[in-house]
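Chemist: Below you'll find the structure I mean.
The values are calculated or read from the model by the stated rules, or taken from the named source; none is laboratory data. Everything quoted here is computed from the prediction, not taken from an experiment. Cβ atoms come from the backbone with ideal geometry, glycine included; neighbour counts cover every protein chain shown. Side chains included, ligands, DNA and RNA excluded: accessible areas come from the protein's heavy atoms. Shrake-Rupley method; radii C 1.70, N 1.55, O 1.52, S 1.80 Å.
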Amino acid sequence: MKNILRPAGVLFLALALLTGVAYPLAVTGAAQLLFPAQAGGSLILRDGKPVGSSLIGQNFSDPGHFWSRPSATGPMPYNASASSGSNQGPLNPALVDAVKGRIEALHAADPGNAAPVPVDLVTASASGLDPHISPAAARYQSARVARVRHLPLEKVQQLVAQETEAPWLGLLGEARVHVLKLNLALDALTPVHAPG
């Protein structure tokens, strides 16, 4: 029995050190060396302080900022530990009521805007964490943001165009606008509020 336990214990200890210590340290070190921003959480910094992540959306409700796509995570919006969609189908009365409420909130914040509301401003993404909106959703909000900020509409639209990201390699995905980055650029232009 002793002949079996000793090699088994040595093998267990060696594998535990290899897989539990050496491998995680090597992978972490390689990630820090090769991809430091991603390994550090893909953080967005302002004045050297983290204000968010490029991968996780944030809830903006101030009319002077662009608003993000709604989040269905619980118990609060954009909860990265509870990534999920609402799983409500188009015939679900709860989804219909939520969309109506979001449309009413958009109209209340910008009563003069008669343009059709882009779908991504009233429906949550599958993850509930999407940090992007469509260029149409950003353009829809431009007049409200310009009015609240006392900026020319053309200046706000120019900022939206500047912050619009093209599809990857020009082919994959859709054009999109990162809401936090857009709001930070807007605050750099006219610093009236902190994003949030």
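Chemist: With respect to residue 143, determine if the residue is more than 17 Å from the chain's Cα centre (by Cα) and of a type in the set (Gly, Ala, Ser).
Modeler: yes
Yes/no per residue for (1) of a type in the set (A, V, I, L, M); (2) open to solvent by 20 Å² or more (accessible area, probe 1.4 Å):
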site	(1), (2)
96	yes, yes
105	yes, yes
111	no, yes
114	yes, yes
121	yes, no
149	no, no
168	no, yes
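Chemist: Another one. Can you confirm whether residue 137 is open to solvent by less than 80 Å² (accessible area, probe 1.4 Å), out of contact with any helix residue (DSSP H, G or I) (no Cβ under 6 Å at 6 or more places or on another chain) and either in contact (Cβ under 8 Å) with a residue 40 or more places away in the chain or of a type in the set (Gly, Ala, Ser) (or both)? Show your work before the answer.
Modeler: Details: open to solvent by less than 80 Å² (accessible area, probe 1.4 Å): yes; out of contact with any helix residue (DSSP H, G or I) (no Cβ under 6 Å at 6 or more places or on another chain): no; either in contact (Cβ under 8 Å) with a residue 40 or more places away in the chain or of a type in the set (Gly, Ala, Ser) (or both): yes.
Considered against the rule, which asks whether it is open to solvent by less than 80 Å² (accessible area, probe 1.4 Å), out of contact with any helix residue (DSSP H, G or I) (no Cβ under 6 Å at 6 or more places or on another chain) and either in contact (Cβ under 8 Å) with a residue 40 or more places away in the chain or of a type in the set (Gly, Ala, Ser) (or both), residue 137 comes out as no.
Chemist: Looking only at segment 123-134, which residues are open to solvent by 50 Å² or more (accessible area, probe 1.4 Å) and modelled with pLDDT of 90 or more?
Modeler: Those that are open to solvent by 50 Å² or more (accessible area, probe 1.4 Å) and modelled with pLDDT of 90 or more: none in segment 123-134.
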